[in-house]
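The values are calculated or read from the model by the stated rules, or taken from the named source; none is laboratory data. Predicted, not measured: the structure shown is a model, and the values here were computed from it. Note: ideal-geometry Cβ built from the backbone for every residue, glycine included; neighbour counts use all protein chains shown.
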Ligand SMILES: O=C1O[C@H](COP(=O)(O)O)[C@@H](O)[C@H](O)[C@H]1O
């Protein structure tokens, strides 16, 4: 499903509403809500909304478990850290038990840590016997999502849930959930806005299949729901929904 908004306020408000509703439904069904956060700049407004009344009081934070879809391999104090941004805008302001928040740390070698994070996820989901209730994703101007960048070997991963690799153009390690694992989620919500994303959004949603160049095309949950929340600027070249 693609939903197009006039501005980022309306888009973020809808994303916050989906978050609230999904959390409440998951807790009702399993007494637990498990979500993977996205990094980058796109979720900033959403996170701030979730931390404010009335949504703050309506979300079952005590039963919420927070993971990340990807991370830049930097310490939590680094401005580029996806987790730092989420703590500052959201997690420091809501009553989630700290032991239910799982940032991707950078204090052991990245490949080793990727395996540890995968083990953590496998333990978590073995207990509940369910996939993520919700994965939030952004999309870069180049069509990457999470840390699934164009032309990288992680795009071909079939078995692993989490992988780390050196991203040469950015001269840094990245750690990311893999596409097959993301696709096991019950619900995936993309937040995509701004005219810089117009071309990539068109290619991902309506262009020829080419996930090597536009990795967000890999995100197609066979059993889950996928919702693209986009603004008019990003949707400018789309035929669908306009
Ligand atoms: O590097 C990243 O970029 C994408 C997109 O970021 P945005 O600033 O365009 O929203 C983001 O989804 C990902 O988590 C992040 O690591």
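Observations on the structure shown:
- Pair list, Cβ < 9 Å and 6+ apart or interchain, from the stretch 186-205 residues that are on the phi > 0 side of the Ramachandran plot and touching a residue at least 40 places away in the same chain (Cβ under 8 Å) to residues that are within 12 Å of the ligand (Cβ to nearest atom) and assigned to a helix (DSSP H, G or I): 194/8; 194/234
- Residues located in the stretch 142-176, provided they are part of a loop (DSSP other than H, G, I, E, B), farther than 19 Å from residue 67 by Cα and either out of contact with any strand residue (DSSP E or B) (no Cβ under 9 Å at 6 or more places or on another chain) or within 14 Å of the ligand (Cβ to nearest atom) (or both): 142, 143, 144, 149, 150, 151, 152, 158, 159, 171
- Residues that are more than 12 Å from the ligand (Cβ to nearest atom), closer than 19 Å to residue 109 by Cα and part of a helix (DSSP H, G or I) do not occur anywhere in the stretch 177-196.
- Restricting the stretch 200-212 to residues that are touching a helix residue (DSSP H, G or I) at 6+ places or on another chain (Cβ under 7 Å) and assigned to a helix (DSSP H, G or I), the residue that is farthest from the ligand (Cβ to nearest atom): 202
- Evaluated against (1) buried (at least 19 other Cβ atoms within 10 Å of the Cβ); (2) away from the ligand (no atom under 16 Å from the Cβ); (3) more than 15 Å from the chain's Cα centre (by Cα), residue 65 falls short on exactly one condition, (3).
- Flag for residue 234 being within 13 Å of the ligand (Cβ to nearest atom) and surrounded by 16 or more Cβ atoms within 10 Å (Cβ to Cβ): yes
- So residue 87, is it under 18 Å from residue 161 (Cβ atoms), modelled with pLDDT of 95 or more, touching a strand residue (DSSP E or B) at 6+ places or on another chain (Cβ under 9 Å) and within 16 Å of the ligand (Cβ to nearest atom): no
- Qualifying residue in the stretch 39-59 (condition: surrounded by fewer than 21 Cβ atoms within 10 Å (Cβ to Cβ), over 20 Å from residue 131 (Cβ atoms) and in contact with a strand residue (DSSP E or B) (Cβ under 7 Å, 6 or more places away or on another chain)): yes
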